[in-house]
1. Across region 468-478, what is the total count of residues that are exposed (fewer than 15 other Cβ atoms within 10 Å of the Cβ) and either in a loop (DSSP other than H, G, I, E, B) or of a type in the set (Lys, Arg) (or both)?
2. Among the residues of region 251-273, which ones are over 19 Å from Arg216 (Cα atoms) and modelled with pLDDT of 80 or more?
3. Filter the strands (runs of 3 or more DSSP E) completely within region 162-229 down to those with at least 2 residues that are under 30 Å from Gly451 (Cβ atoms) and either of a type outside the set (Phe, Trp, Tyr) or at pLDDT 95 or above (or both).
4. Under 7 Å between Cβ atoms, at least 6 apart or on separate chains: pull out the pairs that start in region 409-431 with a residue that is under 30 Å from Ser163 (Cβ atoms) and end on any residue that is of a type in the set (Phe, Trp, Tyr) and assigned to a strand (DSSP E or B).
5. Pairs please, first residue from region 168-179 and within 13 Å of Ile124 (Cβ to Cβ), second anywhere and hydroxyl-bearing (Ser, Thr, Tyr) and surrounded by 14 or more Cβ atoms within 10 Å (Cβ to Cβ), Cβ atoms under 7 Å, 6+ apart in sequence or on different chains.
6. Tally up the residues in region 184-195 that are surrounded by fewer than 16 Cβ atoms within 10 Å (Cβ to Cβ) and within 19 Å of the chain's Cα centre (by Cα), please.
7. Is it the case, given these coordinates, that Asn198 is touching a residue at least 12 places away in the same chain (Cβ under 8 Å), crowded, with 24+ Cβ neighbours inside 10 Å and within 25 Å of Ala363 (Cα to Cα)?
8. Between a first residue in region 278-295 that is under 16 Å from Lys407 (Cβ atoms) and a second residue that is in a helix (DSSP H, G or I) and open to solvent by 30 Å² or more (accessible area, probe 1.4 Å), which pairs have beta carbons less than 6 Å apart while being 6 or more apart in sequence or on different chains?
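The values are calculated or read from the model by the stated rules, or taken from the named source; none is laboratory data. Everything quoted here is computed from the prediction, not taken from an experiment. Ideal geometry is used to build each Cβ from the backbone, glycine not excepted, and the neighbour counts take in all protein chains shown. Just so you know, the surface numbers come from the protein's heavy atoms only, side chains and all, with ligands and any DNA or RNA stripped out. Shrake-Rupley method; radii C 1.70, N 1.55, O 1.52, S 1.80 Å.
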Amino acid sequence: MKKIVFYIVLSSIMSSIMTIAAYKQYVKEVPFPFPYTSSSAKTRLTSSNSSSSLVSSAGFPDFTRVVSKTIHAVVNVKNYSRKYNNQFDPFDFFFGFPDDFENNRGRKPQRNDTPGLHGSGVIISPDGYIVTNNHVIKDAEKIEISLSDQRIYKAKLVGTDPSTDIALLKINEKNLPFIYFSDSNKVQVGEWVLAIGNPFDLNSTVTAGIISAKNRSLGILRGETQSAIESFFQTDAAVNPGNSGGALINANGELIGINTAISSASGNFIGYSFAAPSNLVAKVIQDIKKYGTVQRAYLGVRGMDLSKTEYLKAYNKETHQNIKSQQGFLIGEVFDKSGAADAGLKKGDIIKSIDGKPIQNIADLSFIVGTKYPGDKVKVNILRNRQKKTFNVILKDLQGKTKIRTKEEITPSELLGAIFEPISKEYKKDFGIDYGILIKEIRTGRLSSIGLEEGDIILSINGEKMKKPNDVDRVLKKYSGDVTIKSIKQNGQVYIVGFEMN
């Protein structure tokens with residue numbers, strides 16, 4: 001009898017050990033996705049699945065439970081930089097103090113031990129990955145992160161994407177509180193949201209509101225890049241200078257957006273704020289972490305919203321048509337060798353939906369395509385001469401390629417968005433120069449965003465003379481930081497301009 005009991009106990013112990021080992025191996029082999037999303041089993045165990053928890057016994061909204069599990073995952077981001085721009089930056093008021101900028105104009109600090117800019121960030125994984133806005137950490141020489149418990153860390157900049165105004169940071173710490181991502185496509189106008197951030201450098205501030213509108217395009221990112229993607233959530237949750245990069249969460253405490261901008265002439269909240277949707281943010285930071293750069297896909301068209309009646313009238317007059325104001329995107333140009341051109345889309349086509357998702361305006365179009373990858377296939381439904389047609393389009397990157405490429409595989413010339421060639425003897429004689437390279441072809445990229453055009457001559461980059469096209473890649477390969485370009489316009493004017501390369 002004793003032997004039977006012994007073997008039963010031994011069998012139970014061995015079974016327990018094997019179960020624990022198998023579980024550990026399973027956890028090791030099946031890690032959570034990055035970023036951590038609300039579709040994981042762990043989220044379902046920790047998230048609130050009932051909206052009843054939002055109502056107090058008195059019948060009023062109660063967000064205490066949601067706030068308690070998210071507020072510690074929002075951090076203060078400090079940007080230490082010697083660089084102060086005398087020109088007005090539309091983001092200045094959003095992440096710093098207006099008085100600071102006014103008092104510091106024309107002054108250059110000798111050290112970078114005082115933060116010039118303040119903003120917010122969101123911890124998105126327990127091992128210290130933090131998402132914030134690109135404009136919060138732009139030109140930073142040092143980035144400092146302050147947690148809600150006052151612990152301070154120096155952050156590493158993993159990567160940025162000016163086209164969406166998103167940046168990914170990393171601090172060396174473990175077991176940090178973090179916020180799960182939610183599917184922003186399921187967000188509805190009118191639902192409750194909370195904004196958490198550090199307005200005016202006041203840590204851990206929470207405000208409540210609702211989603212006022214979706215798919216807002218403001219044009220604020222166009223100064224950074226012509227390939228900007230703007231499809232913001234509009235909310236009436238109060239945000240102020242310092243909230244930029246902070247969390248916009250839903251009633252379950254899940255991340256649905258990153259607070260990015262406010263609509264205000266004074267720089268302070270007057271009723272509207274805007275956040276980048278979480279699905280777009282997730283795609284950007286996944287790309288940065290995995291590939292070192294964002295894998296941006298393009299349809300290959302340019303056009304306008306059909307809700308813009310003044311532009312539509314001008315178009316109808318110019319083309320002798322009578323297109324009515326409606327939901328959709330009117331194609332005004334199809335780029336050569338693009339996915340749209342290969343599929344057969346034409347000027348004058350009206351895009352009504354992509355992959356079954358309605359296209360109301362350019363914000364819808366840029367968001368849907370912006371979450372895709374080069375090589376992805378999309379189904380585009382259009383109206384052509386009032387007839388419905390469907391095209392299957394294979395998306396490409398700016399260089400017309402359909403494969404995923406890491407940062408190391410993309411040349412600086414491609415990032416600049418141009419094809420160069422040596423200048424001829426005639427150019428040298430006409431302009432009185434003996435060096436320089438000609439911009440033979442220019443596409444959407446860094447050079448087009450700073451005003452350079454086909455036919456311009458680049459004389460030098462970062463002070464180094466350009467004598468042949470390969471000099472561009474030689475000077476800028478593996479380079480990160482400010483880039484200064486000296487060029488000659490076609491009218492003979494010398495043009496000096498710069499941009500940041502990361």
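1. 4
2. Scanning region 251-273 gives Ala251, Asn252, Gly253, Glu254.
3. Working: elements: 166-170, 192-197, 205-216.
Because the criterion is at least 2 residues that are under 30 Å from Gly451 (Cβ atoms) and either of a type outside the set (Phe, Trp, Tyr) or at pLDDT 95 or above (or both), the strands (runs of 3 or more DSSP E) in region 162-229 that meet it are 166-170, 205-216.
4. Ser413/Phe420
5. From region 168-179, the pairs are Leu168/Tyr129; Leu169/Thr132; Lys170/Tyr129; Ile171/Tyr153; Phe178/Tyr36; Phe178/Ser125; Ile179/Thr70.
6. As a first pass, look at region 184-195 and keep what is surrounded by fewer than 16 Cβ atoms within 10 Å (Cβ to Cβ): 185-186, 188-191.
From what is left, the residues that are within 19 Å of the chain's Cα centre (by Cα) are 185.
Of the residues in that region, 1 qualify.
7. On the way: touching a residue at least 12 places away in the same chain (Cβ under 8 Å): yes; crowded, with 24+ Cβ neighbours inside 10 Å: yes; within 25 Å of Ala363 (Cα to Cα): no.
No; evaluated as a whole, the condition is false for this residue.
8. Gly292/Lys407; Thr293/Lys407
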